[in-house]
Every structure is written in C-alpha cells, then in structure tokens.
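As structure tokens, the structure follows; a few thoughts come after it.
What follows draws every value from the coordinates through simple rules; no lab data is involved. Fair warning: this is a prediction, and the values are worked out from it, not measured in the lab. Ideal geometry is used to build each Cβ from the backbone, glycine not excepted, and the neighbour counts take in all protein chains shown.
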Amino acid sequence: MKNIYTHKRWWVLLFFAVIIFSPPSYAKETSVYYGTSIEQFEYRFSDKSGESFNWNGDAFIGTDEIKLKWYGSGEINTKSGDKEELENRIMLSKPLSTFFDVKAGVRLDTPSKEEDRLYGVIGMTGLAPQWIEVDADIFFSEKGNTSARLDAEYELLITNYLILQPSVDINFAFSDDKAIGVGSGLNSIEAGLRLSYDLVDRSLSPYVGISLGKKFCETADMAREEGKDLTNVSFVIGSRFMF
C-alpha cells in the first residue's frame, strides 16, 4: 500500500474521533463489558459466481459510556482461494441517544485482486422506529474519495425460536475510484432473506436463505467492461454466533 502517510485527511478525522470519544473520568467504579457477534458465517452457492465463503461480524470491549469495536467482513472464492472482499474496521463508539450510538475510526480493505485502501470512518448505529437495526457510515479514503454505506435489517419472530431476517446493504460513492472498480453514484445494493432457528438461546442460530446483489450506474459500466456479472443471486447456508 503506497503513500498512506502522505494523505492527511483521514488523520484529521482520527484525531477528532479520539478527542470526542475520550472517556470521561468517573467518580464510581465502572463496569467493563465485552462480547463477539458473528452475524453471517455462511457458504453461498450461485450459478454465475460459483461458491464462496462469507462472513460478517464484530467484537467490542468497553463501558456503557464508550466502547472499542472491531468490525470485519469478507468473501473468499472457494475455488480460486481469492479474497474477493476483505474489510476490517477499528472504531470507537459512544451513546448519542437512548437508541443510537455515534462512532468513528479507521477501515482497511485488502482484497486479493484490487488495490488496498485505507479510510477514515464516521457513522451512527442503532434501532430505528419499528425496531429496524440501522448502521450508517461515511468513508474518507487515503486517495481523497468519499463514499457512504447504509445497512438495515429486521428480525421477524415467527416463533420464539424461528426468525425471518430481511436485510439490505446500500453503497454510494461521491467520486470515481477506478482502481478498485468504483464509480460515482449508486454502486451496489445487496438484499438478503435468511430463516434461522435459535438452538442455544441467541448463541447458536443456523440458517438458510437467499442473497441478491446488483451493481448500478458507473460501477456497473466498469464491471461490464471487465466482463463481470451485474446481478448475482445466491443461496446461502450458515449460522450466527454470539459469545
């Protein structure tokens, strides 16, 4: 990864985040909590893209006032072994209201076939009305590009153990980054529907489902020029874990 330290914009964001999220001094002893949640740990089967292994999860340690979090996601082609996607984020989060946290930190992408990218990140996460889980982020890359992502999901309890979970992931870029195949405008939307069963409380929940992904606008044009599919439908089988 070249010239990371010559780009100062994301350093300013990180400095701002450290100042804002610096933990306050407490007169009383403060409890420290920690945990790990793997939301997606699955195989995907598709006629177009073949088989892949995907994961998406996070871990945290902290107090009620401030937490240090790791977010990670990735996709590995099971035939070639290539990392189609690999993203890691280190974030600080702090309550903004009863249902929402504000967060800031850094993100590093290291896929096999594209350039590495380092980003500064600011965002919010929490529960929207109707108990919809929302995660919204803005990314500022080392190359000076800005992009945004919105994740939303909902858990519909069919029984106390059987849960239907629809989800959507929307990516948008404010400028081109052709080296990683991203064009300005709406980049992609991925929608999923997973049916899970809680075997051990919320600690182990195997599921089956379907995932639909589609590229749009200039990103679709770039993918078309490279001979890539613009739409992909996958059947998934996996499990959620919570520790």
Sorted largest first, the C-alpha extents of segment 124-243 along its principal axes in whole angstrom are 46, 32, 26
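Which whole-number percent gives the relative contact order of the chain, counting Cα pairs below 8 Å spaced six or more residues apart? Let's see the in-between values first.
Numbers: 612 pairs, mean separation 37.0, N = 243.
That works out to 15 percent.
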Within segment 144-242, DSSP-loop chymotrypsin sites (Phe, Trp or Tyr not before Pro) with at most 13 other C-beta atoms within 10 Å are Tyr161, Phe174
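First select every other residue whose beta carbon is under 12 angstrom from the beta carbon of Phe53; then total the charges, Lys and Arg +1, Asp and Glu -1. Intermediate values should be presented prior to the final figure.
Numbers: positive: Arg44, Lys79, Lys83; negative: Glu42, Glu51, Glu75, Asp82, Glu84, Glu85.
Counting the neighbours of Phe53, the net charge comes to -3.
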For the chain, the charge dipole (Cβ of Lys, Arg +1; Cβ of Asp, Glu -1; about the Cα centre) points to a positive end, and the Cα of Tyr197, Ala128, Phe99 closest to that extreme belongs to Phe99
Surpassing 29 Å at the alpha-carbon level, of the pairs Lys143/Lys215; Lys69/Lys143; Lys67/Lys214; Lys178/Lys214; Lys83/Lys215, are Lys67/Lys214
Taking a ≥ b ≥ c as the square roots of the Cα gyration tensor eigenvalues, with a/c under 1.5 meaning rounded and otherwise prolate when a/b beats b/c or oblate if not, the chain comes out oblate
